[in-house]
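Novice: Take a look at the following structure, please.
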Amino acid sequence: MSDEETTEPKKLWLKLQTRTVGALNQLSDAMRRRNTRALIRFMVILASLVTVNAIIFQGLMAYEGQKHSWVTGFYWTLSTMSTLGYGDISFFSDLGRIFSIVVLLLGIIFMLVLLPFTFIELFYEPWMEARAASQVPRAAPTNHEWPRHTDFLRTSCQRSHSQTYPV
């Protein structure tokens, strides 16, 4: 077997590996940017939701004749949305209690369902896939995937096993 015959498959194999790695890097960069934008969008929606609920909290507390600071409005909104709900601040009217239920349900949906699934889909799964792709394969490649320079080993082993030696 000539040197040209053995180096040509090596060049093709190296070219294929280089293209694959380059494409994966470009894909992972694009995915990382897309995922970061999606997470930022989700966090902006969540922050807007908390702010709107804190504003409504202030209005309902004024309707009931209670006076609380803006920090207390955000505190109540976040503690209710996170289902922590200390109970130190509460509404007396039915309208306020209905609002509390709505905030609690929004918190369950956004903070306990959507946020974990968003994080898992956008960051944890791609990280696990990249980690698995970077690990060393557990199985040896099949014969047609081996470089051509190992062919002489296979043929010499086959020849030595086929020969009989006198005892």
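Novice: Does at least one position in segment 87-102 carry a residue that is hydroxyl-bearing (Ser, Thr, Tyr), at negative phi and in contact with a Gly (Cβ under 7 Å, 6 or more places away or on another chain)?
Specialist: Kept after step one, since they are hydroxyl-bearing (Ser, Thr, Tyr), are these residues of segment 87-102: 90, 93, 100.
Among the residues that remain, those that are also at negative phi are: 90, 93, 100.
Going one step further and asking which of them are in contact with a Gly (Cβ under 7 Å, 6 or more places away or on another chain), we end up with none.
Looking through segment 87-102, none of the residues is hydroxyl-bearing (Ser, Thr, Tyr), at negative phi and in contact with a Gly (Cβ under 7 Å, 6 or more places away or on another chain).
Novice: Suppose the filter is closer than 27 Å to PHE99 by Cα and assigned to a helix (DSSP H, G or I); does ALA30 pass it?
Specialist: Numbers: closer than 27 Å to PHE99 by Cα: no; assigned to a helix (DSSP H, G or I): yes.
So ALA30 does not fit the description; no.
Novice: Now for a separate question. Quick check on segment 145-155. Is at least one of its residues surrounded by 15 or more Cβ atoms within 10 Å (Cβ to Cβ), among the β-branched types (Val, Ile, Thr) and modelled with pLDDT under 90?
Specialist: no
Novice: Consider segment 101-118. How many of its residues are surrounded by 13 or more Cβ atoms within 10 Å (Cβ to Cβ) and of a type outside the set (A, V, I, L, M, F, W, C)?
Specialist: Final tally of qualifying residues: 2.
Novice: Of the residues in segment 77-96, how many are part of a helix (DSSP H, G or I), surrounded by 13 or more Cβ atoms within 10 Å (Cβ to Cβ) and more than 35 Å from the chain's Cα centre (by Cα)? Can you show your working first?
Specialist: Step one: filter segment 77-96 for residues part of a helix (DSSP H, G or I), giving 77-81, 94-96.
Filter once more, so that each one left must be surrounded by 13 or more Cβ atoms within 10 Å (Cβ to Cβ): 77-81, 96.
Checking the rest, the ones that are also more than 35 Å from the chain's Cα centre (by Cα) come to 96.
Of the residues in segment 77-96, 1 are part of a helix (DSSP H, G or I), surrounded by 13 or more Cβ atoms within 10 Å (Cβ to Cβ) and more than 35 Å from the chain's Cα centre (by Cα).
Novice: Starting from residues that are surrounded by 12 or more Cβ atoms within 10 Å (Cβ to Cβ) and farther than 18 Å from GLY107 by Cα, keep the ones in segment 18-57 and report whichever is modelled with the lowest pLDDT.
Specialist: Among residues in segment 18-57 that are surrounded by 12 or more Cβ atoms within 10 Å (Cβ to Cβ) and farther than 18 Å from GLY107 by Cα, the one modelled with the lowest pLDDT is LEU24.
The values are calculated or read from the model by the stated rules, or taken from the named source; none is laboratory data. Here the structure is a predicted model, which is why all the values come from computation and not from measurement. We place every Cβ from the backbone using ideal geometry, glycine too, and count neighbours over all the protein chains shown.
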